[in-house]
Amino acid sequence: MQDRGDNIPLTQRITKLKSILLLTSIYFVVQIIAALSTRSLALLADAGHMLADVGATLKHTYGFYRAEILAALLNGVVLILISVYILYEAYGRIFEPPEIQGLPMIIVAAIGLGVNFAGMRVLGSSGHSQGSQVDNDHVGIVKKLEEENLNVKSAYLELLNDTLGAAGVIAAGVIILTTGFYLADPLISIGLGLFILPRTWSLIKKSIHILMEGVPANISPEEVKNAILNIKGVTGVFDLHIWTITSGMNAISAHVVVIDRNRSLTILQEINAILEKKFKINQATIQIESYH
């Protein structure tokens, strides 16, 4: 099955995202174990980034509906707690930096870079034409993904951000290994912890907005109403409600007043076509009325 407006079949996108989920989940466990054994706070902070990716990938696999929003909200709360702990622990280590093993930090972070690049390669492949080559230019890949699927692009950009975190851990490891400057670990950790917070706040805010059935940020109810009113034979629209069921699935309900009830089916088809093509609303409940 191939969903409308995308170049990659839905099942293929889900397979890609599940592959990324498996990679990031395995590496997340590896990072936690390595962070505890090396006493590296920077590795623990980078593990928080991987946890964010796991939550984001789950959010984009479809099928969970409202449960996915609850999972995203829980994921955001956990990340806030992790970030606060990292910042608190890093503050204490600034005054008394513990001895940290630099070489294991570099090795684990290098593996993380490999995982991120592998994930971006999987998501960056076009998947809709035979013999197509993977574009090594990140900007080129993002432009391709803009034409294919916004959710896949989002997952790609999250992995791209995490390469910066892994690079930061490698830098801290190299500094510790070559100079013995253990303060590099808490300083990098603070940077990574602060980087997690705005992403987490955005995740929590979006989750609460969806759970409260707020209007999707990219849809104007006034524009939707005017588009329906512009259909020939429609004289009024009332009790208009627009909300998000889950990511990528918007819904609408409304009462539409028509002049001729005999054209109700035709008008209803026109309304559904406009809602889907112009506003990407794929779940519509429209009640045709003969009077307001």
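Numbers below:
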| item | result |
| --- | --- |
| Accessible surface, per residue, of segment 173-292 when the full set of protein chains is kept, probe 1.4 Å, Å² | 56 Å² |
| Cα-Cα over 19 Å, subset of LYS232/LYS278; LYS225/LYS278; LYS225/LYS277; LYS205/LYS277 | LYS205/LYS277 |
| Loop GluC sites (Glu not before Pro), segment 153-249, which have at most 16 other Cβ atoms in a 10 Å radius of their Cβ (DSSP) | GLU213 |
| Highest to lowest packing among 38-44, 279-285, scored as the average C-beta count within 10 Å | 38-44, 279-285 |
| Distance (nanometres) between label positions extended 7 Å along Cα→Cβ at ILE80 and ILE288 | 4.8 nm |
| 14 Å beta-carbon shell around ALA110, net charge (K/R +1, D/E -1) | -2 |
| Principal axis box of segment 193-273, alpha-carbon based, largest edge first, Å | 61, 19, 18 |
| Cβ crowding within 10 Å averaged over residues, with 197-203, 73-79 ranked highest first | 73-79, 197-203 |
| Extended-chain gain in nm, criterion 0.36 nm per residue less alpha-carbon gap, SER253 and VAL215 | 12.5 nm |
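The values are calculated or read from the model by the stated rules, or taken from the named source; none is laboratory data. The model shown is predicted, which means the values in this text are computed figures rather than measured ones. For neighbour counting, all protein chains shown are included, and Cβ atoms are generated from backbone atoms with ideal geometry for every residue, glycine included. Calculation scope for accessible area: heavy atoms of the full protein, side chains included, ligands and nucleic acids excluded. Shrake-Rupley method; radii C 1.70, N 1.55, O 1.52, S 1.80 Å.
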